[in-house]
Amino acid sequence: MASIPFSLGETDQVLVEEKYATRIFTLNRPNQLNAVSFPMVSRLLELFLACEEDHSVKLIILKGKGKAFCAGGDVAAVVRGITQGNRRPGAIFFRRQYILNYVMATYSKPQVSILNGIVMGGGAGVSIHGRFCVATENSPFAMPETALGLFPDVGASYFLSRLPGFFGEYVGLIGARLDGAEMLACGLATHFVLSEKLSLLEDALYKADSSDPVVISATISEFSLAPNVKEKSAFHRLNIINKCFSCKTIEEIILALEREAADKDDEWISSALQSLKKASPTSLKISLRSIREGRLQGLGKCLLREYGLVWTIMRGEINKDFFEGCRAILLDKDKNPKVHGYFYSFLYLVLCTNILFCVLIETFLPLFLLFRWEPAKLEQVTEDMVDRYFSKINDEDWEDLDLPRRSNIPPYAIAKL
């Protein structure tokens, strides 16, 4: 593997193995649940581009070390930069991450992502865009960004909008947690394999010695099964989801769910309503529009739009939910913060431990119910405010996301563009 260059810095964040014509990349930040850092995403991009040019490589396997595949993006450096008035580190991180997502989606060789552990946020970005995603019984999945004042990114406006019916809007807006069986049922995963068979699967993939997606799929299928989706799964409520989440606005979605709640004694509906009402109103409206636009766009345009949204959020000129919390905990200059004081403790934990906050949200969910979003109500988030997030950026520091030109794109990937 002499053709694969080494990054400057922390190359051990991605472990590399060579087995026959297969290259195995293992995300190696187990103490941070393999959260995507700048060194990690840079190394992955190097490896993928180098292996694409290496004719001896036929297959890429991507997996995570420890109990997580990848729990999202490590935003500690991003928030530190924002509080110091420097958005550049965050912009560079997101730019590199989105380029990696695009390269994976248009990759000329099969990528098999083995999702044997937590998959959230950025973890979805480095897996779902590849050719094959193997879920297991240990694959909790979520895109929890609306509860954090953000929005589902890493190309989520593309892949969520292509789930059955309006299931993607449901998953993205309320941050629904899915298991491996649900991932397979809705199309986020291509296969389901019990974790006890993963070592046998990997060995079979090495010995298959093929870059033919048909051969790879058949090999995985030898170890796959079709698990039953649990009775209480939201996927069994697709009719209600389609009826409610197809509505044009967040307000109409909530009204539709409230009507369903009045007619049915269903805990799932109450839970969905609670999640929507506790999420950032601005984030909900941005996310819905982003996913809806994604339905009509290719992946490249989705990533370009999402990069603009991230940049606007980092500017903090329209909505300061995220910015105010970071500034208060780091600089202690805000005597009247826009979020509840518990958020400071939460951010302090994130920044001091580098643990990804989209994972901690489950542990600290009761604290998040005390958020004081600004604006606090959906009706206060005007159409003009939302339009500003999607408008052309006029900022001297702004640089367009320059997606690389790709060649030898396989037929299945061309459809994404």
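The values are calculated or read from the model by the stated rules, or taken from the named source; none is laboratory data. Owing to the predicted nature of the structure, the values given are computational and were not obtained by experimental measurement. Reconstructed Cβ throughout: ideal geometry from the backbone, glycine too, with neighbour counts over all protein chains shown. The accessibility values were calculated without ligands, DNA or RNA, using every heavy atom of the protein model including side chains. Shrake-Rupley method; radii C 1.70, N 1.55, O 1.52, S 1.80 Å.
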Filter region 290-322 down to the residues that are basic (Lys, Arg) and either part of a helix (DSSP H, G or I) or in contact with a helix residue (DSSP H, G or I) (Cβ under 6 Å, 6 or more places away or on another chain) (or both), then identify the one that is surrounded by the most Cβ atoms within 10 Å (Cβ to Cβ). Arg305
Flagged in region 215-240 as open to solvent by 30 Å² or more (accessible area, probe 1.4 Å), more than 16 Å from Leu59 (Cβ to Cβ) and not polar (S, T, N, Q), in numbering order, are Leu225, Ala226, Pro227, Val229, Lys230, Glu231, Lys232, Phe235, His236, Arg237, Leu238
Filter region 132-148 for residues that are open to solvent by 10 Å² or more (accessible area, probe 1.4 Å) and in contact with a Phe, Trp or Tyr (Cβ under 7 Å, 6 or more places away or on another chain); which is farthest from Ala226 (Cα to Cα)? Leu148
Residue satisfying condition, being crowded, with 24+ Cβ neighbours inside 10 Å and not basic (Lys, Arg), within set Ile92, Ile99, Ile128: Ile128
Restricting the search to region 198-214, which residues are over 17 Å from Cys133 (Cβ atoms), hydrophobic (A, V, I, L, M, F, W, C) and buried (at least 17 other Cβ atoms within 10 Å of the Cβ)? Ala208
Restricting attention to region 31-54, which residues are surrounded by fewer than 18 Cβ atoms within 10 Å (Cβ to Cβ) and at pLDDT below 95? Asn31
Quick check on region 55-64. Is at least one of its residues modelled with pLDDT of 95 or more and assigned to a helix (DSSP H, G or I)? no
Can you tell me which residues in region 177-195 are in a loop (DSSP other than H, G, I, E, B), in contact with a strand residue (DSSP E or B) (Cβ under 7 Å, 6 or more places away or on another chain) and either closer than 20 Å to Gly122 by Cβ or open to solvent by 10 Å² or more (accessible area, probe 1.4 Å) (or both)? Arg177, Leu188, Ala189, Thr190
Breaking point among (1) touching a residue at least 60 places away in the same chain (Cβ under 8 Å); (2) open to solvent by less than 50 Å² (accessible area, probe 1.4 Å), for Glu251: (2)
Matching option when the condition is modelled with pLDDT under 95, among the small types (Gly, Ala, Ser) and farther than 18 Å from Phe69 by Cα, among Ala147, Ala105: Ala147
Say whether the condition of being among the small types (Gly, Ala, Ser) and closer than 12 Å to Ser290 by Cβ is met by at least one residue in region 169-186. yes
Test each condition in (1) more than 21 Å from Gly73 (Cβ to Cβ); (2) modelled with pLDDT under 95; (3) acidic (Asp, Glu) for Glu137 and report the one that comes out false. (2)
Considering Glu293, Glu252, Glu267, which residue is among the acidic types (Asp, Glu) and more than 20 Å from Thr146 (Cβ to Cβ)? Glu267
If you check Gly72 against the conditions, is it in contact with a Leu (Cβ under 9 Å, 6 or more places away or on another chain), surrounded by 24 or more Cβ atoms within 10 Å (Cβ to Cβ), at pLDDT 95 or above and not hydrophobic (A, V, I, L, M, F, W, C)? no
So how many residues does region 178-207 have that are over 15 Å from Ser139 (Cα atoms) and touching a residue at least 24 places away in the same chain (Cβ under 8 Å)? 5
Inter-residue pairs, beta-carbon under 7 Å, first closer than 14 Å to Asn242 by Cα and in region 254-277, second part of a loop (DSSP other than H, G, I, E, B) and not hydroxyl-bearing (Ser, Thr, Tyr), 6+ apart: Ala256/Cys247
Whether any residue in region 226-241 is in contact with a Ser or Thr (Cβ under 6 Å, 6 or more places away or on another chain), modelled with pLDDT of 95 or more and within 25 Å of Lys65 (Cα to Cα) is what I want to check. no
Restricted to region 384-408 and to residues being open to solvent by less than 40 Å² (accessible area, probe 1.4 Å), assigned to a loop (DSSP other than H, G, I, E, B) and at pLDDT 90 or above, the residue farthest from Tyr102 (Cα to Cα) is Ile393
Within region 102-120, restricting attention to residues that are open to solvent by 10 Å² or more (accessible area, probe 1.4 Å) and over 28 Å from Thr312 (Cβ atoms), which residue is nearest to the chain's Cα centre (by Cα)? Ile118
Only residues that are touching a Phe, Trp or Tyr at 6+ places or on another chain (Cβ under 9 Å), farther than 14 Å from Gly300 by Cβ and free of Cβ contacts under 8 Å to residues at least 60 places away in the same chain: list them for region 83-102, please. Pro89, Ile92, Phe93, Arg96
Criterion first (modelled with pLDDT of 95 or more, assigned to a loop (DSSP other than H, G, I, E, B) and either among the small types (Gly, Ala, Ser) or touching a Gly at 6+ places or on another chain (Cβ under 7 Å) (or both)) does Ser287 satisfy it? no
